[in-house]
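Inspection log for the structure reproduced underneath, given as structure tokens.
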Amino acid sequence: MNMQDIILKKRYGKALSDEDIDFFVKGVVDKSIPDYQISALLMAIVLNGMDDREMTELTIKMAESGRQNDLSYIDGIPVDKHSTGGVGDKCTPLVMPLVATFGVSTVKLSGRGLGFTGGTVDKFESVEGFNVEVPMSEFPDLIKKCNMAISGQTPDLAPADKVLYALRDVTGTIDSIPLIASSIMSKKIAGGAHGIVLDVTCGHGAFMKNLEEAVKLSEAMIRIGKLAGREVVAVITDMNQPLGRNVGNVIEMQEVFEILSGKHISDVENVVCALAANMIMLAGKNEGMSIDELIDECKVRLTDGRALEKYKELILSQGGHINSNGSPIYVDYPNECMRISASQDGYISAIKADMIGKASVALGAGRKVKTDEIDYGAGIGFYVKAGDYVKRGDALCALYLGSKHTEDEDRLFEAAEIISDAYEYSDIKPDIAPSVIEVLK
Ligand code: URA
């Protein structure tokens with residue numbers, strides 16, 4: 001068997017055999033297949049797709065490419081969440097403490113930013129002292145202490161995905177249903193959770209641009225989960241504008257703290273509570289409540305201080321520093337360096353989240369290539385959201401750089417240029433999609 005034949009097979013639209021997929025995944029992990037051949041096959045998969053059998057086989061082989069976690073130290077049914085990627089997605093640091101208030105424990109293995117989407121690990125790393133490289137052997141203690149443990153994807157968990165994820169990020173091969181479904185589900189299956197809640201983002205700022213694609217991706221992941229004996233719920237959420245009021249690392253963690261301290265930001269609240277309620281349901285810790293009652297109860301606990309207490313426990317248990325107000329201390333702080341104003345009167349009909357994601361990468365909040373260093377203080381803060389009315393000259397958003405980078409004017413101008421194309425206006429009040437669009441099981 002040789003890799004060139006496998007690439008050609010997929011290039012000509014044929015299905016790969018189980019043996020081809022096994023050969024590919026083994027070669028990715030033992031490095032016998034060079035990056036250029038891996039990338040060529042990834043591109044052929046993007047262009048010609050995979051059927052259900054290929055997708056499931058790829059997922060299982062990727063899950064088996066490394067260690068399979070045993071979460072039996074968790075009291076009850078282990079559950080997990082995963083997002084297909086979004087802009088301004090700060091759900092994980094909110095969901096974990098929220099479900100913990102119901103006694104639901106979560107072991108989260110999260111990723112770094114990919115393409116124009118932000119990464120949860122980068123966000124937690126913006127807290128001074130917070131250790132995102134906790135060895136798995138310490139997870140049982142962390143769970144006992146505060147019901148929560150979070151770490152970057154360890155090299156031995158789905159190692160094939162680690163290689164593919166990094167290559168996809170820089171070869172234009174991210175937005176493909178078989179590649180996203182196998183990447184996510186291999187990590188979730190190897191991660192050991194029995195109940196999996198997927199946040200499938202949909203719109204400009206997501207890999208799935210419309211509802212039809214988001215439903216297809218959701219159904220693919222639900223099917224793969226069933227075949228692997230897992231219960232999967234997919235919550236399709238809107239990503240036609242960034243989630244919440246900020247995009248960046250420190251600035252999003254500051255927003256997390258504000259929400260947990262009582263601030264209501266409706267789109268974030270709706271998505272977080274839908275995800276959390278479904279996780280609590282799958283964990284069987286719903287205390288007799290229906291899903292709608294659970295969502296209402298989650299909304300109360302998210303902002304009344306109960307989730308905040310658990311959040312502080314999480315930050316402290318992994319070495320993060322907290323100041324006397326109870327807020328995390330960050331590795332850097334955002335400095336407002338430029339404001340973008342409305343170019344005309346009208347309703348904001350769209351804030352294209354992909355452009356905002358790209359602008360935030362241009363500012364330094366994400367990586368253009370995998371070796372780039374992040375400016376944790378860089379980001380964008382929004383004064384208005386889609387559906388709001390503005391007059392010409394009103395402030396739309398502010399651009400921030402970290403205090404160590406405020407001289408970096410080129411980044412500001414590059415970001416400002418991208419953002420000028422992100423806003424669309426309308427004379428009539430536009431219909432804005434709900435933040436939670438559909439839930440599939
Ligand atoms: N998140 C992942 O873990 N993998 C993808 O391919 C996309 C989003």
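The values are calculated or read from the model by the stated rules, or taken from the named source; none is laboratory data. Bear in mind that the values here come from a model prediction, so they are computed numbers and not experimental data. Because the Cβ atoms are built from the backbone with ideal geometry, glycine has one as well, and the counts that use them run over all protein chains shown.
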### Task
Output yes when any residue across region 231-249 is under 20 Å from Leu58 (Cβ atoms), touching a strand residue (DSSP E or B) at 6+ places or on another chain (Cβ under 7 Å), modelled with pLDDT of 95 or more and away from the ligand (no atom under 11 Å from the Cβ), and no when none is.
yes
#### Entry: Residue tally, condition crowded, with 20+ Cβ neighbours inside 10 Å, of a type outside the set (A, V, I, L, M, F, W, C) and more than 10 Å from the ligand (Cβ to nearest atom), over region 153-177
2
### Query
Checking Met221 against (1) touching a helix residue (DSSP H, G or I) at 6+ places or on another chain (Cβ under 7 Å); (2) assigned to a helix (DSSP H, G or I); (3) of a type outside the set (Val, Ile, Thr); (4) touching a residue at least 60 places away in the same chain (Cβ under 8 Å), which single condition isn't satisfied?
(4)
### Query
Of all residues in region 377-402, how many are among the hydrophobic types (A, V, I, L, M, F, W, C) and free of Cβ contacts under 8 Å to residues at least 60 places away in the same chain?
5
### Message
So Ala214 ticks every box in (1) under 14 Å from the mean Cα position of the chain (by Cα); (2) over 22 Å from Gly284 (Cα atoms); (3) not aromatic (Phe, Trp, Tyr) but one. Which box is left unticked?
### Response
(1)
### Query
Would you pick out the residues in region 66-123 that are within 16 Å of the ligand (Cβ to nearest atom) and among the aromatic types (Phe, Trp, Tyr)?
Phe116
### Task
Take region 205-218 and flag every residue that is polar (S, T, N, Q) and either in contact (Cβ under 8 Å) with a residue 24 or more places away in the chain or buried (at least 23 other Cβ atoms within 10 Å of the Cβ) (or both).
Ser218
### Selection within region 140-190 - among the acidic types (Asp, Glu), within 19 Å of the chain's Cα centre (by Cα) and assigned to a helix (DSSP H, G or I)
Asp161, Asp169
### Query
surrounded by fewer than 17 Cβ atoms within 10 Å (Cβ to Cβ) and either over 29 Å from Ser39 (Cα atoms) or not aliphatic (A, V, I, L, M) (or both) - does that describe any residue in region 183-204?
no
### Message
Cβ contacts < 9 Å: first residue among the basic types (Lys, Arg), restricted to region 159-174; second residue more than 9 Å from the ligand (Cβ to nearest atom) and at pLDDT 90 or above, any location; separation 6+ or different chain. Result?
### Response
Lys162/Gly66; Arg168/Ser39; Arg168/Leu42; Arg168/Val46
### Query
Of all residues in region 191-218, which are near the ligand (Cβ under 10 Å from one of its atoms) and not in a strand (DSSP E or B)?
Ala206, Phe207, Leu217
### Query
When you go through Val104, Val99 one by one, which is the residue that is among the hydrophobic types (A, V, I, L, M, F, W, C), under 27 Å from Leu294 (Cα atoms), in a helix (DSSP H, G or I) and touching a residue at least 12 places away in the same chain (Cβ under 8 Å)?
Val99
### Query
Within region 253-273, can you find the residues that are farther than 15 Å from Ala307 by Cβ and buried (at least 23 other Cβ atoms within 10 Å of the Cβ)?
none
